[in-house]
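> This is the structure I want to talk about, given as structure tokens.
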Amino acid sequence: MRELKLLLKIEFKNVLHTLNPKSRARSSGKGKSVAFTAVMVFSVAMVLLYSAIYSVIMADAFKQIDALYLLPALMFTASCLLMLFTTIYKVKGTIFGFNDYDLLMSLPVKTSTIVLSRLMVLYSINIVFALILMLPAGGVYIYYAMPGFEFYIGFVLSFLFVPMVPIIAASVIGLLIHFAASGFKQKNIVNLILTLSLFMGIMILSFNSNSFIANVVDIGQSVMKAVNQFYPLAVLYTNGVCKADFLALFLFILISAAAFALFAFVVGKIFKPLNTLMAANRTTSDYKMTSLNESSPFNALYKRELKCYFSSVSYVLNTGVGVVLFTMASIAIVFMGMDKLESLIGIPGINDIITKAGPIAISFFVVMSCTTACSISLEGKNLWIIKSMPISTKSIFLSKLAVNLTILLPAIIINASIFQYIFRFNVEQAVLLYFVPIAYAFFTALGGLALNLIFPNFTWSTEITVIKQSAAVMLAALLGIASVAVPLIVMFTIKTLDAKLVTYVTLIALVLADIAMYRYIMKRGVKTFHSF
């Protein structure tokens, strides 16, 4: 138990070190740390508020048909789906294939203790997701349904067991994807394709589950059937928590705990051989010498950055989700039409939103795909190599910016063309439809790089730490969302303002911000990079 506590303490300290800018040796002091903490608290509060608003909307709909008990079940299922996908690409690097495997195995600690510590890290991350979605839903349900004391008991007791089965399912799927891809020469590309295919499948199934809204007849059974298709334990959860069925609650807890214990036992048995297989590399016996190609320093750096990007499934999935969603939305519009898409995703008036604020609205997908916010940190302990090369720091920065723009600009041009084909905007609107997202693309890339220079982390043990949990990544995501949300809020709350005027002001502000950030990166950013 003492060894487990020490391992967990080290893991959580590492997470806090990644998040806390004050931990940097060259930090400017308490001011930056306090400001960052305030921003993070505000971000969490906004996410909880958004979750609560969504729960209120669902509760109003369910109350009309006397089916409030479905609210906790749906948010429970949504939490499980979120945990399932986000854990799939965390498995490699957390349970298997992590960088400090040799160091941990050399310690006088039992393998079972190491396995348990890695599983507890995954569990802790997922319990946060459950907290964000289920806590507001529980509060809304209490307000609307006024349940008895049994609900509070069931909700609290079951909450700690919610992430267990999704972790098991995600771990198994993640391992299957990795081993299916390991037989190919380009295993990282195959791994990425399989994971993206699974992600799109989950998204399609999630959207299709909303089709029950159209079925007014016996809607309660339709909802439960849809939920049960995703996760059969949701029925036990609903009956145990919302209907005071203590037998169902006991079975839910028992099945979840027993499955997790069995999974931990099996992982403990296969932990060493699996990690050995993970570390194995594919070799070939028909290597042939070919001519070497020359390229400019920038092209060499650009190819290096692209290779680094696509060699990491976690990197691509975490930063490419916006592009994927953008493309899926465009394809859905072509084959389904706006009316069906509106009823499918459950956002009323989406046609009017795109017509009025299309250039800014679609830019939400753009700001979700920032590759630069962790590009400096990913150099890690090998930073000295790139710093010692006979190349300018500006070329290093430009190569990292170029990768982000390579991901975003083709997607913007293709998908904006699809939107233009469907909506038939006039020339002025069409120009804005391209130029505003492109300005957001530069804003996203430059903002992410600037934040990573301010909040770097070179002492990570797993790349997922800086890709998903670092201060720069979180602040870049918040900056991007705020840059889209502010003009949209102004546009739809101050209705006397012309939407085109807001769009033009936003475009001008983005261009000015892009110029300012570029100048900052190429002047002060270069000095900051040299000081690392």
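> Checking the a/c ratio against 1.5 first, then a/b against b/c, what shape does the Cα gyration tensor give for segment 297-531?
It comes out prolate by the Cα gyration axes.
> Cα gyration tensor of segment 344-469, axes a ≥ b ≥ c as square roots of the eigenvalues: rounded (a/c below 1.5), prolate (a/b > b/c) or oblate?
Here segment 344-469 falls in the prolate category.
> Assuming R0 = 25 Å, what is the FRET efficiency of F246 and I142, from their Cβ-Cβ distance, to the nearest 0.05?
0.85
> Would you kindly state how much longer the chain becomes between I515 and A67 on full extension, computed as 0.36 nm times their sequence separation minus their alpha carbon distance, in nm to one decimal?
Details: separation 448, 0.36 × 448 = 161.28 nm, distance 5.33 nm.
Full-extension gain reported as 156.0 nm.
> Just check segment 436-532 against the gyration tensor rule for me: Cα atoms, a ≥ b ≥ c as the square roots of the eigenvalues, rounded for a/c under 1.5, and otherwise prolate or oblate depending on whether a/b exceeds b/c.
oblate
> Report ³J(HN,Hα) in whole Hz for each residue of segment 403-420, in order, from the Karplus equation J = 6.51 cos²θ - 1.76 cosθ + 1.60 where θ = phi - 60°; Gly and Pro get x.
In residue order, the calculated couplings are 4, 4, 6, 5, 6, 8, 4, x, 5, 5, 5, 5, 6, 5, 5, 5, 4, 5 Hz.
> Something else about it: At R0 = 25 Å, how high is the FRET efficiency between M46 and Y152 if r is their beta carbon distance? Nearest 0.05 is fine. Present the calculation step by step, with values, prior to reporting the outcome.
Details: r = 27 Å, r/R0 = 1.06.
For R0 = 25 Å, the calculated efficiency reads 0.40.
> Using 23 Å as the Cα-Cα cut-off, could you pick out the over-long pairs in K63/K356; K90/K387; K400/K468?
Going by Cα-Cα distance, K63/K356; K90/K387 fall outside the 23 Å limit.
> Which distance in nm do the two modelled labels at K110 and I494 give, with both placed 7 Å along the Cα-to-Cβ direction?
The answer from the label model is 6.5 nm.
> Can you give me the distance in nm between label points at I270 and M120, each placed 7 Å from the Cα along the Cα-to-Cβ direction?
So the two model labels end up 2.4 nm from each other.
> In addition: What's the extension gain from A482 to L6 if we count 0.36 nm per residue and subtract their Cα-Cα distance?
On the way: separation 476, 0.36 × 476 = 171.36 nm, distance 3.88 nm.
Full extension from A482 to L6 adds 167.5 nm.
> Rank the residues V427, V316 as a footprinting-exposure proxy: fewest other Cβ atoms within 10 Å of their Cβ go first.
Least to most surrounded, the residues fall as V427, V316.
> Which FRET efficiency value, to the nearest 0.05, do you get for F458 and T327 by plugging their Cβ-Cβ distance into 1/(1 + (r/R0)^6) with R0 = 25 Å?
For R0 = 25 Å, the calculated efficiency reads 0.15.
Computed from the coordinates by the stated procedures, all read-outs in this text should not be read as laboratory data. Note that the structure is predicted; figures quoted are calculated from it, not measured. We place every Cβ from the backbone using ideal geometry, glycine too, and count neighbours over all the protein chains shown.
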